[in-house]
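Below you'll find the structure, written out as structure tokens, and then a few comments.
Just so it is clear, none of the values below were taken in a lab; they were calculated from the coordinates. None of the values given here were measured: they were computed from a predicted structure. All Cβ positions, even for glycine, are placed from backbone atoms using ideal geometry, and neighbour counts span all protein chains on display.
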Amino acid sequence: MTPADFHLSARAQALKASEIRELLKLVGKPSMISFAGGIPDPALFNVGLFQAACHEAFGGPQVAREALQYSTTEGYLPLRQWIASHMQSLGVPAGADNVLITTGSQQALDLIGKLLIDPGSTVLTARPTYLGALQSFSAYQPRFAQFDAPHATGEDAARLVYVMPDFANPTGETMSRAARARALDGARKANAVIVEDAAYAALRYDGEPLPAIAALDAEGTGDIEATRTLYCGSFSKTLAPGMRVGWVCGPTALIRKLTMLKQGADLHTSTVNQMVIHNVAAAGFDEQVQRIRAVYRSRRDAMLAALTRYGVTDMSWSRPDGGMFIWVELPRHIDAADLLQQAIRADVAFVPGGAFFPDGTGRNTMRLSFALCDEARIEVGIFKLCQLVASEPLPLGAQVPRQELAC
């Protein structure tokens, strides 16, 4: 039987498969140089710390029973307290009651969509923007409108403003402090909630950190309970994505409503996963972040250098200060989806940029992730991609860089 054989809701009928998820099924072979998924390098996971954290979670009968039992929907209290302290270090005066643990920050986006969006509600986003946010919000049938951070003044009908101010997925761009303040002011005028997706905020390689929008909001109101920002954080890009632990931080009035919605969705995030993440974060979060920053900074630099060496006329790219992505604009006549088919045959993968636009535009753009491959593989992959973009034979005697290490 097929979905057409059943009476599906209009919402379910409108669902589309993620281009990225479908693409990842194709790029598993060892020879593939993958710039596709925003996937941390598993070689950088601190396996020893996780092993110790698991041992601690099962270190005695009482704690083991707690790890294996149902828990409160809000989340494991020591973890919420750790996150509240972390938020305080970012300038957000949060307590444990301002924090809801979610099954990855992706669930947070889904719950927020369920909380705020009715069919036809206006959602302001950048173009392009994170595909996972578009998918989560689209299920609730909003109207997407463009949010242009440098000129944002808000929109009367807007329910929420979705922003990724630090090293955005997919562009790698960072909002200035002034742009963050304008976004907050626009949301206030529109009486909208700001959803601050901070999935990559810890991965800064250059420049000074900028204040979170949630911190500017609290500074302006003097009380987190008077703010309108929901800060979505995650341990996926820093500690390990397989644990599926994220959080939402905001005023308790919104956190309580989100808690009720989460209770109906899954009761609570895995207790043992929360306990393990807490133990790992308490033992070595800062050290782990410093470690991965050094590696990813080197890979970003390698990709930028390779693009400079091999990039062709009318091809441009972002130069991010952090995160995992470089955004490439191709010559206007090139469709990145068509280019991908050629690239896969050459054992290189990326994500066509059209997936990140609500209206399907941006066909001549692509997102490249530098997180998963070492510098040698990055050199080879960018060389191959740029040759395909050029659509010209290799110059006589040209040397293809050697492919040495696996992604």
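Couple of notes before you dig in:
- With contributions of -39500 (n - 2.57) from each DSSP H run of at least four residues, the per-residue ellipticity at 222 nm computed over the chain stands at -13000 deg cm²/dmol.
- Gain in span if fully extended, residue 335 to residue 176, counting 0.36 nm per residue against the direct Cα distance: 54.1 nm
- Considering only the stretch 47-285, percent of DSSP beta bridges that pair antiparallel, nearest 5: 35 percent
- Once C-alpha pairs closer than 8 Å and six or more residues apart are averaged by separation and normalised to the residue number of the stretch 47-285, the relative contact order reads 28 percent.
- To the nearest ten degrees, helix 336-345 and the longest principal axis of the Cα atoms of the chain are 70 degrees apart.
- Pairs of Lys in the chain closer than 19 Å at Cα, counting only those 8 or more apart or on different chains: 5
- Signed unit charges on C-beta, dipole axis of the chain, positive-most listed residue 294, 129, 34: 34
- Scaled against 2.2 N^0.38 Å for its residue count N, the alpha carbon radius of gyration of the chain is 1.01.
- Angle in degrees between helix 375-390 and the longest Cα principal axis of the chain, rounded to the nearest 10: 60 degrees
- A protection proxy built from the mean count of other Cβ atoms within 10 Å ranks the segments 359-366, 240-247, most packed first, as 240-247, 359-366.
- The chain: angle of helix 77-89 to the longest principal axis, Cα-based, in degrees nearest 10: 70 degrees
- For the chain, the relative contact order works out to 22 percent when only alpha carbon pairs closer than 8 Å and six or more residues apart are counted.
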